[in-house]
Amino acid sequence: MSRDTLRRILYVEDDADIRKIVSMSLEMVGHYTVASCGSCAEAVQVVDDFGPELLLLDVMMPDMDGPATLRELRKRNSAANAPAVVITAKVQSADMEHYRRLGVFDVIVKPFDPMVLPDRIGHIWQQYRSGAYDHAG
């Protein structure tokens, strides 16, 4: 299979309702396979078996936030090179710089429309595949 087509997304979000809506949107509208996790610990447990092509991480989570989760996932070979996208309502320029330094490829700003999210993810994937690394911000 071509790596040009995104198939597997590892999604980490602590809010069960948001996790369900986003997962349904990505699976039903975007036709992606989603491993939906409620915490960093859960994500670390499934990441190797799942083999994500893209990481989608909520920023604000109680035990380990999105950046800390990203650092943990990067320690795993299966997620070491997957592009990371964070979802956040916090989009100050200092935050954007912090995300860039962590290696985040792009940011999705809350609130977002779950029905257009799959198209947004597809666009981000195409930008990533084309080598356009300047989208976080």
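Just a yes or no: is a residue in the range 114-130 small (Gly, Ala, Ser), farther than 22 Å from Arg7 by Cα, modelled with pLDDT of 90 or more and open to solvent by less than 80 Å² (accessible area, probe 1.4 Å)?
No, every residue in the range 114-130 fails to be small (Gly, Ala, Ser), farther than 22 Å from Arg7 by Cα, modelled with pLDDT of 90 or more and open to solvent by less than 80 Å² (accessible area, probe 1.4 Å).
Among the residues of the range 33-63, write down those that are open to solvent by 70 Å² or more (accessible area, probe 1.4 Å) and within 23 Å of Val109 (Cβ to Cβ).
Result: Met60, Pro62.
Scan the range 21-32 for residues that are surrounded by 15 or more Cβ atoms within 10 Å (Cβ to Cβ) and either of a type outside the set (A, V, I, L, M) or touching a Leu at 6+ places or on another chain (Cβ under 6 Å) (or both) and jot them down.
Passing the criteria: Ser23, Ser25, Glu27, Gly30, Tyr32.
Testing Ser93 on (1) more than 19 Å from Asp14 (Cβ to Cβ); (2) touching a Pro at 6+ places or on another chain (Cβ under 8 Å), one condition comes back false. Which one is that?
(2)
For the range 1-46, how many residues are touching a strand residue (DSSP E or B) at 6+ places or on another chain (Cβ under 6 Å) and among the β-branched types (Val, Ile, Thr)?
Within the range 1-46, residues that are touching a strand residue (DSSP E or B) at 6+ places or on another chain (Cβ under 6 Å) and among the β-branched types (Val, Ile, Thr) number 5.
Would it be correct to say that Arg101 is of a type in the set (D, E, K, R), over 12 Å from Val59 (Cα atoms), open to solvent by 50 Å² or more (accessible area, probe 1.4 Å) and touching a Lys or Arg at 6+ places or on another chain (Cβ under 8 Å)?
no
Can you confirm whether Val47 is free of Cβ contacts under 8 Å to residues at least 40 places away in the same chain, within 21 Å of Leu102 (Cβ to Cβ) and of a type in the set (A, V, I, L, M, F, W, C)? Give the derivation first.
On the way: free of Cβ contacts under 8 Å to residues at least 40 places away in the same chain: yes; within 21 Å of Leu102 (Cβ to Cβ): yes; of a type in the set (A, V, I, L, M, F, W, C): yes.
Spelling it out, Val47 is indeed free of Cβ contacts under 8 Å to residues at least 40 places away in the same chain, within 21 Å of Leu102 (Cβ to Cβ) and of a type in the set (A, V, I, L, M, F, W, C).
Would you mind telling me which numbered condition in (1) farther than 19 Å from Tyr128 by Cβ; (2) surrounded by 14 or more Cβ atoms within 10 Å (Cβ to Cβ); (3) at pLDDT 95 or above Ala16 fails?
(2)
Kindly provide the set of residues from the range 82-98 that are in contact with a helix residue (DSSP H, G or I) (Cβ under 9 Å, 6 or more places away or on another chain) and either touching a residue at least 60 places away in the same chain (Cβ under 8 Å) or open to solvent by 20 Å² or more (accessible area, probe 1.4 Å) (or both), ordered by number.
Ala82, Ile87, His98
Please enumerate the residues belonging to the range 73-99 that are within 14 Å of the chain's Cα centre (by Cα), of a type outside the set (A, V, I, L, M) and in a helix (DSSP H, G or I).
The answer is Arg74, Tyr99.
Can Ser78 be described as open to solvent by 20 Å² or more (accessible area, probe 1.4 Å) and under 18 Å from Leu6 (Cα atoms)? Before you say what the answer is, go through the steps one by one.
Numbers: open to solvent by 20 Å² or more (accessible area, probe 1.4 Å): yes; under 18 Å from Leu6 (Cα atoms): yes.
When the stated conditions are applied, Ser78 passes them.
The values are calculated or read from the model by the stated rules, or taken from the named source; none is laboratory data. Note that the coordinates shown come from a computational prediction; the quantities given were computed from them, not determined experimentally. Cβ coordinates were reconstructed from backbone atoms using ideal geometry, including for glycine residues, and neighbour counts include every protein chain displayed. In case anyone asks, the SASA skips ligands and DNA or RNA and just uses the protein heavy atoms, side chains included. Shrake-Rupley method; radii C 1.70, N 1.55, O 1.52, S 1.80 Å.
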